[in-house]
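For reference, the structure is listed below as structure tokens.
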Amino acid sequence: MNKNIQIGKINTLKIDRITDHGFYLLSEEGEDILLPNAYMEDDMSIGDEIKVFVYTDSEDRLISTTLKPKALLDEFAYMEVVDVAPFGAFVDWGLPKDLFVPKSLQKIPLKVGMKFVFRVCLDEETNRLVGAHKFKKFIRNDIEELEVNQQVHIIIREKTPLGFKVIVNNLYEAMIFHNEIFEDIWVGQKKVAYIKNIRSDRKLDISLQPIGQLNTNTATGRIEKILRQNGGRLEFNYKSSPKDIKDRFGLSKKNYKRALTTLLEKKIITVDESGMCLS
């Protein structure tokens, strides 16, 4: 159970009493907050501890909901602009009340229908949650605790001529280069990835596979599956071009050749000048 109620986060609070407007929930310190009737469920009872998200309503009062937004405080999510006003814009973050993006936190003037990765922030002056499209000041560069091949969580932020910009662990900016990508990815997607390189300029390069290896079972399984889907034979061998290999199997040539060798050693396939086939 939460000691204090925390805005922008998932709180575990105890149901204290029921009113015409809904349940009132308590923290350990005795702070209370309304859970409106719309979120009350039949199996909820006084004394139960429940998980709720806390934000502010249209009158800037703290309120709770059992719904979970697309991003919590200090997290990133891909969201669509649903309304604009002279003082800012509003994006759909999965709650009845849309998330406000002030003009001061917009990189470009936002228009209805635009989709970007936004960060959820707390405006300390108003104690309201807001969205930030301009979030450079929130990105950290204290990378001392990071290590090459460390597993991280990313959200794909933007496609560029070099590759995709990503946000790492909701804290750092990084890049995945096109020649390191062997699967379909898209802006807004969240994935597990790995730190490939920590550069001297304190920026990060990211890989979608553990460094120095691709799960051999995954690569061999992919080749075997595609072979079976194509009658057990394909015009691919060790001499096939990297582009054809990537287009067909989603693998780099290095990992493709390694997988072929594994399949050959297990006598699952045979390979000759004309291609490969299942044994």
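The values are calculated or read from the model by the stated rules, or taken from the named source; none is laboratory data. Quick caveat, the model's predicted, so the values are computed rather than measured. Using ideal geometry, Cβ is built from the backbone for each residue, glycine included, and neighbour counts are taken over all protein chains shown.
Check whether at least one residue in region 50-60 is of a type outside the set (Gly, Ala, Ser), exposed (fewer than 15 other Cβ atoms within 10 Å of the Cβ) and modelled with pLDDT of 95 or more, and report yes or no. Give the steps one after another, and end with the answer.
Narrowing region 50-60 to residues of a type outside the set (Gly, Ala, Ser): 50-57, 59-60.
Of the ones still in play, those that are also exposed (fewer than 15 other Cβ atoms within 10 Å of the Cβ) are 51, 57, 59-60.
Among the residues that remain, those that are also modelled with pLDDT of 95 or more are: 51.
Yes: one or more hits.
Could you please find all residues in region 11-47 being charged (D, E, K, R), loosely packed, with under 13 Cβ neighbours inside 10 Å and touching a strand residue (DSSP E or B) at 6+ places or on another chain (Cβ under 8 Å)?
Passing the criteria: only ARG17.
Tell me which residues, restricted to region 162-185, are in a loop (DSSP other than H, G, I, E, B) and either at pLDDT 95 or above or surrounded by 14 or more Cβ atoms within 10 Å (Cβ to Cβ) (or both).
Narrowing region 162-185 to residues in a loop (DSSP other than H, G, I, E, B): 162, 169-171, 181-185.
Within region 162-185, ASN169, ASN170, LEU171, ILE181, PHE182, ILE185 meet the criteria.
Could you please find all residues in region 19-45 being of a type outside the set (Gly, Ala, Ser) and in contact with a Phe, Trp or Tyr (Cβ under 8 Å, 6 or more places away or on another chain)?
ASP32, ILE33, LEU34, LEU35, MET40, MET44
Tell me which residues, restricted to region 171-195, are touching a Phe, Trp or Tyr at 6+ places or on another chain (Cβ under 6 Å) and touching a residue at least 60 places away in the same chain (Cβ under 8 Å).
Narrowing region 171-195 to residues touching a Phe, Trp or Tyr at 6+ places or on another chain (Cβ under 6 Å): 176, 188.
Listed by number, the list holds a single entry, GLY188.
Output the residues belonging to region 226-257 that are over 14 Å from MET276 (Cβ atoms), without any contact (Cβ under 8 Å) to a residue 60 or more places away in the chain and among the charged types (D, E, K, R).
LYS243, ASP247, LYS253, LYS254
For the condition over 28 Å from ASN11 (Cα atoms) and either free of Cβ contacts under 8 Å to residues at least 40 places away in the same chain or of a type in the set (A, V, I, L, M, F, W, C) (or both), what is the one hit in PHE87, PHE116? Full working, then the answer.
Details: PHE116 fails: over 28 Å from ASN11 (Cα atoms).
That would be PHE87, the only listed residue that is over 28 Å from ASN11 (Cα atoms) and either free of Cβ contacts under 8 Å to residues at least 40 places away in the same chain or of a type in the set (A, V, I, L, M, F, W, C) (or both).
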